[in-house]
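Written out below as structure tokens is the structure these notes cover.
The values are calculated or read from the model by the stated rules, or taken from the named source; none is laboratory data. Worth saying up front: this structure is predicted, and the values here are computed from it rather than measured. Cβ coordinates were reconstructed from backbone atoms using ideal geometry, including for glycine residues, and neighbour counts include every protein chain displayed.
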Amino acid sequence: MSFNGKYQLESQENFEPFMKALGLPDELIQKGKDLKSISEIEENGDNYKVTVTTGSKVITNSFTIGKETELQNITGEKMKGVVNREGGKLKVSLKGIESVTEMVDANTIVNTMTVGDIVYKRISKRM
């Protein structure tokens with residue numbers, strides 16, 4: 001299944017504990033918890049461009065499956081990582097954060113990020 005398309009965040013679980021575990025201040029957590037981000041994914045073979053817009057904040061990551069690249073994480077920090085495709089899932093580990101993104105049906109993407117024992121789940125629907 002292709003990831004191509006635009007998706008809007010529909011629901012999320014464990015946003016606040018996850019962001020606290022990453023060290024974000026409570027003020028930013030409260031501001032961000034109700035924002036509905038929009039993710040735009042362009043997939044061309046093994047090459048991807050992912051743009052996530054949350055309010056006025058935009059994070060764009062471009063990567064090729066299996067090749068090291070610089071990626072910006074959810075807090076905006078830049079770091080090196082390798083995105084791998086396992087079955088229909090995209091997986092990457094960035095500085096202790098394990099991220100798995102998968103299409104659960106033709107219109108729904110689920111992104112799960114884990115740090116320690118905290119699992120942050122984001123469900124987005126195709127627009």
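Among the residues of the stretch 34-52, which ones are within 16 Å of residue 1 (Cα to Cα) and of a type in the set (Asp, Glu)? Matches in the stretch 34-52: 40, 42, 43, 46. Applying a threshold of 7 Å to beta carbon distances and a minimum spacing of six or more residues, or different chains, the list of pairs starting in the stretch 3-16 at a residue that is without any contact (Cβ under 8 Å) to a residue 40 or more places away in the chain and over 22 Å from residue 29 (Cα atoms) and ending at one that is β-branched (Val, Ile, Thr) and part of a strand (DSSP E or B) reads 4/41. May I ask you to verify whether residue 99 is of a type in the set (Ser, Thr, Tyr) and either in contact (Cβ under 8 Å) with a residue 24 or more places away in the chain or out of contact with any strand residue (DSSP E or B) (no Cβ under 7 Å at 6 or more places or on another chain) (or both)? Against the criterion (of a type in the set (Ser, Thr, Tyr) and either in contact (Cβ under 8 Å) with a residue 24 or more places away in the chain or out of contact with any strand residue (DSSP E or B) (no Cβ under 7 Å at 6 or more places or on another chain) (or both)), residue 99 does not qualify. State all residues of the stretch 50-95 that are more than 14 Å from residue 40 (Cα to Cα) and aliphatic (A, V, I, L, M); if no residue qualifies, say none. 65, 71, 74, 79, 82, 83, 90, 92, 94 - these are the residues of the stretch 50-95 that are more than 14 Å from residue 40 (Cα to Cα) and aliphatic (A, V, I, L, M).
Take the residues in the stretch 56-79 that are touching a strand residue (DSSP E or B) at 6+ places or on another chain (Cβ under 8 Å) and among the basic types (Lys, Arg); name whichever of them is farthest from residue 29 (Cα to Cα). It would help to see each step written out before you state the result.
First, pick out the residues of the stretch 56-79 that are touching a strand residue (DSSP E or B) at 6+ places or on another chain (Cβ under 8 Å): 58-74, 76, 78-79.
Applying the additional criterion that residues be among the basic types (Lys, Arg) yields 67, 78.
Working: 67: 32, 78: 20 Å.
Ranking the candidates gives 67 first.
Looking only at residues of the stretch 25-54 that are surrounded by 11 or more Cβ atoms within 10 Å (Cβ to Cβ) and in a loop (DSSP other than H, G, I, E, B), we find that the one that is modelled with the highest pLDDT is 46.
Evaluated against (1) at positive phi; (2) surrounded by fewer than 16 Cβ atoms within 10 Å (Cβ to Cβ), residue 5 falls short on exactly one condition, (2).
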